[in-house]
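Worksheet: one structure, shown below.
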Amino acid sequence: MNDCQNVAMREALPELVHGALPEAERTRVLAHVSGCEACSGELAIVRAVVTLATAPSIDMATISAAIPPYASSIRHRPFYVAHLRLAAALLLGAVGVSALVVEHHSTGTSMAVQTTGVALVGTSDLSDAHLEQLIQSMGQLEAVPSAEPEPVTPVVFEGDAS
Amino acid sequence: MEVTADPVAEPSDTELIRRWRGGDGVSATRLVERHAPAVARFVATSGERDSVDEVVQDTFVRAFGAIDTFRGDSAFRTWLFTIAKRLILDRRRSERRSRNVSSVEEGDAVTQFDALDAMVADESLLRVHRALHSLSPKQREVFTLRVEQGLSYKEIADITGSTEGAARVHYHNAMRAVKEFLDE
């Protein structure tokens, strides 16, 4: 038996048998099959295979009963870890690590600001272990004094009675 | 004219899954009723007629246990077939290890197909059944998924780990082989 050259028609045969074709398409395919020996033969094969496919009897009640209740597979972090992250974020933002050096000059006051930048790390990028380590290390930091202040020369305003 | 939703329209698989996640156990039952027969046919066609109940049950237990991994890119039924296929392959590997049988074909379902002979009374149907038996495992798998289940080539490719093009080729080669067998 030669194959029909109309591949689209041949490929529609399973959908035809399963009733999955829109009405207009179904009419077109049936009209083609009625005049095509090759497609008529293939359609008979498709119908035979579907007939052969008897579903074995299964116990659906047992299957349904075996299904466990829904449990999210998304790992929820412990309550305190979420708050630990928030605390770390606030701490990093507030500290900023800046050292102010104030220089008093006779002609005025200028402030030389030295800042030590700290890269603000997104805490969500840190693992729990790294986060706890960071919190602990920050707790051990001592306030590092700025450079010893220069002695301030008092300015006396003339005419000051006191 | 007010348009109202069809009150008897069946909820979609996605909607039933959503309801089940929300604690509605009946939705799981409805999904089982909707898809278990097709999964059972797939398992039986794959050569596991003796353990259909067990494989189908394992399939649904696995599926619902891993429901959060179902992204909805494929149809729920296609996903179930994929799980069932993996379970069948795992069982066969396990059986091979325990029986110490070497290099068994993936589609090794000879005894299962022979047993079906006794069930088919119609001579013409029997010939078609034997024609399917003569196909290569891959051809038989693709052919039965396309014809029995009415799956698209994309769905078949997802289940078999192949491509749409390869699935199409396997299907047409299988159809040609069946016709040649019947013409003999």
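The values are calculated or read from the model by the stated rules, or taken from the named source; none is laboratory data. Predicted model, so just to flag it, every value in this text is computed and none were measured. Note: ideal-geometry Cβ built from the backbone for every residue, glycine included; neighbour counts use all protein chains shown.
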**Prompt:** What helices (runs of 4 or more DSSP H) completely inside segment A:2-111 contain at least 1 residues that are among the small types (Gly, Ala, Ser), more than 20 Å from B:Arg168 (Cβ to Cβ) and at pLDDT 70 or above?
**Reply:** A:23-34, A:37-52, A:60-66
**Message:** So if I check each of B:Phe64, B:Phe42, which one is among the aromatic types (Phe, Trp, Tyr) and either touching a residue at least 60 places away in the same chain (Cβ under 8 Å) or farther than 18 Å from B:Pro11 by Cα (or both)?
**Reply:** B:Phe42
**Fill in**
Per the filter on segment B:37-52, residues within 18 Å of B:Thr78 (Cβ to Cβ) and either out of contact with any helix residue (DSSP H, G or I) (no Cβ under 6 Å at 6 or more places or on another chain) or surrounded by fewer than 22 Cβ atoms within 10 Å (Cβ to Cβ) (or both) are B:Pro37, B:Ala38, B:Arg41
**Message:** I need the full set of residues from segment B:45-61 which are free of Cβ contacts under 8 Å to residues at least 12 places away in the same chain and over 14 Å from the mean Cα position of the chain (by Cα), in order please.
**Reply:** B:Glu54, B:Val61
**Message:** Can you confirm whether B:Arg77 is at pLDDT 90 or above and of a type outside the set (Asp, Glu)?
**Reply:** yes
